[in-house]
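These notes are about the structure you will find just below.
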């Protein structure tokens, strides 16, 4: 057996029989193993001199590492799967079903909770944060629930269309199973499975062998690996997993937290410039302290901060909810002078405000840099907060490298205008503080037109970061929220598309645009830093493509950083083999 | 004076004075003129041998011809402009203000009506058709009101955000002017002006000189000129204005007509395959007769028919309206067994159905070929209707050339699958009829990915038609409905964009994609027919670009066909001059 393993240079499964005192070896194949075992075997074989480091790197499938980085359901356990949704945020969770976010926020303090909602919106954030996991009946891989859950490292099954929620009765049904509030369920955000009862969980471990393998990967890879992190906690996790910087810090997620959302709403609904400025003045110190925490956590590594991106109406209650409240109050016939009447008047004003802001296609509307051009006060506050935080730390002798990212640029003039304006704010803050920090200004490439005109955009950008979630949406003309629920799965089943392009980068279409973008930009600005911060940044096949077109780094969720380090190494190895041919 | 005109070879304005019996010529410049005069002068100067035909072609600005093709407000009249919106559909109209479509549909039979709505939806079509013009407070150049009005040749001012409509009081206010129902207003869909009272109108005339100039243009131009027409009336108008074919016939506009919409809604809300097929069976003869009318009107010229494109929920009442009705009925507490209770139940079902179909970003959702892949029955009915119509006429000895256009293709496999399926239907119908007609299958290029992978798409397409409205939306990441109301005008004012890219093609971005598409497709299929059917097909600068990248034809609204003929000739002349250099 030892001789066979040496020969095949791998752990082998042997089948043998002993007949008439003779040993017959019937079959011999590479042994099946868990990701943990694969890592241990690969590292041990290098230590035994059987294979070299490069071969060890190639022996482990990066995507299998996901098992090692989140709690998992014990594969030996018998579970009862009652429904299946989208695997929206990896990891498994067990808890009691709660249907209201406000209740989840309370119950979650003392007991494990799974929040079950038709879909989520900013009002649900508190309840989500207090829960162990989230299950939604509607929405795709970029629905509010999915994005927020991934950001918070919270397991989530989204768009589970086969469950029917009855909020009034506080039950949901899945086929013929009725689940009541308070019943235990388990969800697996890596597979999309929803199970009845408490499935046994296995906690993640990063072993010494795993660390060793990753250090070998780091020696080989050409791509840098950064993480997407929106708060100090995620930034610390990213640092721990070996991220060389933050590739995407989404500043608006900070706006959704419970103590801040009312101030953000005041800012949005302000009727005068003065009221708006007052609200912004309240947000400034809060954002500054967020940035201080992130800079501290990253210990001098670069932090790319994306300025506010979503349309403002995303921070307000949903139009339909307010409409229903208004119609209901009117139908009941409220009397002037009563509290109901005041409520009606207030809700009518809110309805008018939302009515004026809502959009036919919010993904393609007043958001990103467009918003900042129309309402420059918000980004000016954000840039002030970034540089006040940076200067404070710099004065304490700490290293900081903020990189300001302006989102959704389609025309170079958008970037030119905002950069001039915001670099002015940055310089003013540094002058006020009597301090100089190293900084960069750049843009996300997420609109086809920006990629097509990258030679012009590069004149005003020190870095590009491919926002491949939105770039995939615009290049395909897919709204991910709609497509994943309504036809994308059918497309993959019918083999119209080989894979879901939001999971693995579409090289023929989106990739062609990225390659064109790189080829046009580099001659204009040879030292431009090129990265990717869409979810593809954590997908091994997409990472390989990023290596091939010569990006400088990939950025992904903290929990995928080890996967990206290994995948980047494998891409470099494959490239070397190609070249040696 | 004659000598001067001969010298400058143009009609001149002369300033002179006579002092001491001597004539002093003080100033001499090219005379200002209306479009009608410009055409007449240019043609007469050729006839007098002063200039040649090519120079005559260059003497007239194509966009000025618009004046000659629609009723206009007499420029000498004194009018009181009370508001300004988007010039959504050219021409001027005068009528009495009516706020409800149902009422407009009645009053419009006997009196001139201007329909004034916050925005329009399919329920308003009847009222719109009975009106002389439409004014909306919300919506952009591709809002429902704008698109339908242009299709019907109905003057429209859309997105007039400065008017405040009070539907309950039946008034609208513009600044401090209050307009009541029944008051006369005038609108100018070419400028966006809204005026109080009855402005005097000038009717369009196509003079003999105009015909002569256009015939010279036809001798010179390389680009074909087709028209966008959705019904026999528009097709006849297009033919009259010299269209060489239909470049875009939108089949779903036929679904919006009052006698058809209920059947379309039955089809969409059908609970069984059988119910759906029953509804489709009712639509089949209606669509067939539409196509017969269009084929007849075009007298053997090619007709490009686009299969159903919009998301199905566009044919249903708006979610918010049904929601409000349901909440209202519930709050009033209806009693089982009463008609109100039945209404509530029926509206609740409708609400559920719409809820299941509505989308976060309908522009990027389940529409176009995606819809046809998920629900193939609708397009199968449409192709059957097209070929039954074509065979019927062919048997009468008439020439027909249907070109079936599959919209919203992003991946070649979508086209491949649908073409195989639908060509099967076409062949079956021809076999049933014992008749063979000449036909083509092709696709619209309106998704960046289709342009980027045009070499692959061309393998299954006999023609491409650039849908530059949607291609501009996806390339810029702009939702036109949202952008034009919320930031696009500001972008143009601030010179971030040189012009509105929905009016004049963006050569650097969208144009680069089009050029790439052409360069990749032609080698794969040298005889591929390439056209454009977005609104840019009627814009002179965009037509010049289409000539430069070597398209075969442009297609525009019937009223812009003469403009396109002249602009195409000017592009060919400019190109010849370039080459001679």
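The values are calculated or read from the model by the stated rules, or taken from the named source; none is laboratory data. Keep in mind that what you see is a predicted model, and the values were worked out from it rather than measured. When we count neighbours, we look across all protein chains shown, and the Cβ atoms used for this are built from the backbone with ideal geometry, even at glycine.
Can you tell me which residue is farthest from the chain's Cα centre (by Cα) among those in the range B:486-515 that are over 14 Å from residue A:410 (Cβ atoms) and at the interface with another protein chain (Cβ under 7 Å from one of its Cβ atoms)?
Taking the candidates together, the pick is B:490.
Residues being touching a residue at least 40 places away in the same chain (Cβ under 8 Å) and more than 16 Å from residue B:374 (Cβ to Cβ): count how many of those fall in the range B:305-323. Can you show your working first?
First pass over the range B:305-323, keeping only residues touching a residue at least 40 places away in the same chain (Cβ under 8 Å): B:305-318.
In the following step, the residues that additionally are more than 16 Å from residue B:374 (Cβ to Cβ) were identified as B:305-306, B:316-318.
So the answer is 5.
Only one of these conditions is not met by residue A:408: (1) touching a helix residue (DSSP H, G or I) at 6+ places or on another chain (Cβ under 7 Å); (2) in a loop (DSSP other than H, G, I, E, B); (3) at pLDDT below 95. Which number is it?
Answer for residue A:408: the failing condition is (3).
Where in the range B:1-71 are the helices (runs of 4 or more DSSP H), entirely inside, with at least 1 residues that are without any contact (Cβ under 8 Å) to a residue 24 or more places away in the chain and outside the structural domain of residue B:93 (by TED's automatic domain parsing)?
Values: elements: B:2-8, B:35-47, B:53-59, B:66-69.
Passing ranges, in order: B:2-8, B:35-47.
Can you name every residue in the range B:214-232 that is over 15 Å from residue B:572 (Cβ atoms) and crowded, with 24+ Cβ neighbours inside 10 Å?
If the condition is that a residue be over 15 Å from residue B:572 (Cβ atoms) and crowded, with 24+ Cβ neighbours inside 10 Å, then B:226, B:227, B:228, B:229 are the ones that fit.
Consider the range A:443-457. How many of its residues are buried (at least 24 other Cβ atoms within 10 Å of the Cβ), assigned to a helix (DSSP H, G or I) and either in contact (Cβ under 8 Å) with a residue 40 or more places away in the chain or not assigned by TED's automatic domain parsing to the domain that holds residue A:534 (or both)?
The initial filter retains those residues of the range A:443-457 that are buried (at least 24 other Cβ atoms within 10 Å of the Cβ), namely A:443-452, A:454, A:457.
If we keep only those that are assigned to a helix (DSSP H, G or I) as well, we get A:448-452, A:454, A:457.
From the residues that got through so far, the ones that are either in contact (Cβ under 8 Å) with a residue 40 or more places away in the chain or not assigned by TED's automatic domain parsing to the domain that holds residue A:534 (or both) too are A:448, A:450-452, A:454, A:457.
The qualifying residues number 6.
If residue A:548 satisfies all but one of (1) under 22 Å from the mean Cα position of the chain (by Cα); (2) away from every other protein chain (no Cβ under 13 Å); (3) without any contact (Cβ under 8 Å) to a residue 40 or more places away in the chain; (4) surrounded by fewer than 23 Cβ atoms within 10 Å (Cβ to Cβ), what's the number of the condition it fails?
Result: residue A:548 fails condition (1) only.
So residue A:526 clears everything in (1) under 19 Å from residue A:499 (Cβ atoms); (2) out of contact with any helix residue (DSSP H, G or I) (no Cβ under 9 Å at 6 or more places or on another chain) except one condition, right? Which one?
(1)
Cβ contacts < 6 Å: first residue closer than 20 Å to residue B:310 by Cα, restricted to the range B:397-413; second residue in a helix (DSSP H, G or I) and at pLDDT below 95, any location; separation 6+ or different chain. Result?
none
Could you identify the single residue in B:434, B:477 that is buried (at least 20 other Cβ atoms within 10 Å of the Cβ), at positive phi and at pLDDT 95 or above?
Details: B:434 fails: buried (at least 20 other Cβ atoms within 10 Å of the Cβ).
None of the other options fit; the residue is B:477.
If I ask for residues that are away from chain B (no Cβ under 14 Å) and within 30 Å of residue B:364 (Cβ to Cβ), which ones from the range A:325-361 would you list?
A:350, A:353
Quick check on my filter: what residues within the range A:516-545 are within 14 Å of chain B (Cβ to nearest Cβ) and crowded, with 17+ Cβ neighbours inside 10 Å? Explain how you work it out, then say what you get.
Looking only at the range A:516-545, we keep the residues that are within 14 Å of chain B (Cβ to nearest Cβ), and these are A:516-517, A:519-520.
Passing the criteria: A:516, A:517, A:520.
Residues of the range A:362-372 being closer than 26 Å to residue A:425 by Cα and either at the interface with chain B (Cβ under 7 Å from one of its Cβ atoms) or at pLDDT below 95 (or both), which ones?
Passing the criteria: A:366, A:370.
What is the one condition in (1) closer than 30 Å to residue B:418 by Cα; (2) surrounded by fewer than 17 Cβ atoms within 10 Å (Cβ to Cβ) that residue A:505 does not satisfy?
(2)
Looking at the range B:193-213 only, could you name the residues that are surrounded by fewer than 20 Cβ atoms within 10 Å (Cβ to Cβ) and within 19 Å of residue B:115 (Cβ to Cβ)?
Passing the criteria: B:196, B:197, B:198, B:201.
Answer yes if at least one residue in the range B:47-64 is surrounded by fewer than 21 Cβ atoms within 10 Å (Cβ to Cβ) and closer than 12 Å to residue B:188 by Cα, and no otherwise.
Checked against the condition, which is being surrounded by fewer than 21 Cβ atoms within 10 Å (Cβ to Cβ) and closer than 12 Å to residue B:188 by Cα, the range B:47-64 yields no hits at all.
Would the range B:374-381 turn up any residue that is in a helix (DSSP H, G or I), surrounded by 15 or more Cβ atoms within 10 Å (Cβ to Cβ), in contact with a helix residue (DSSP H, G or I) (Cβ under 8 Å, 6 or more places away or on another chain) and not assigned by TED's automatic domain parsing to the domain that holds residue B:442?
no
I need the strands (runs of 3 or more DSSP E) fully contained in the range A:132-250, keeping only those with at least 2 residues that are out of contact with any helix residue (DSSP H, G or I) (no Cβ under 9 Å at 6 or more places or on another chain) and more than 30 Å from residue A:316 (Cα to Cα). I'd like the intermediate steps shown before the answer.
Values: elements: A:133-136, A:156-158, A:163-166, A:171-174, A:177-180, A:184-188, A:193-196, A:224-228, A:246-250.
Because the criterion is at least 2 residues that are out of contact with any helix residue (DSSP H, G or I) (no Cβ under 9 Å at 6 or more places or on another chain) and more than 30 Å from residue A:316 (Cα to Cα), the strands (runs of 3 or more DSSP E) in the range A:132-250 that meet it are A:171-174, A:177-180, A:184-188, A:193-196.
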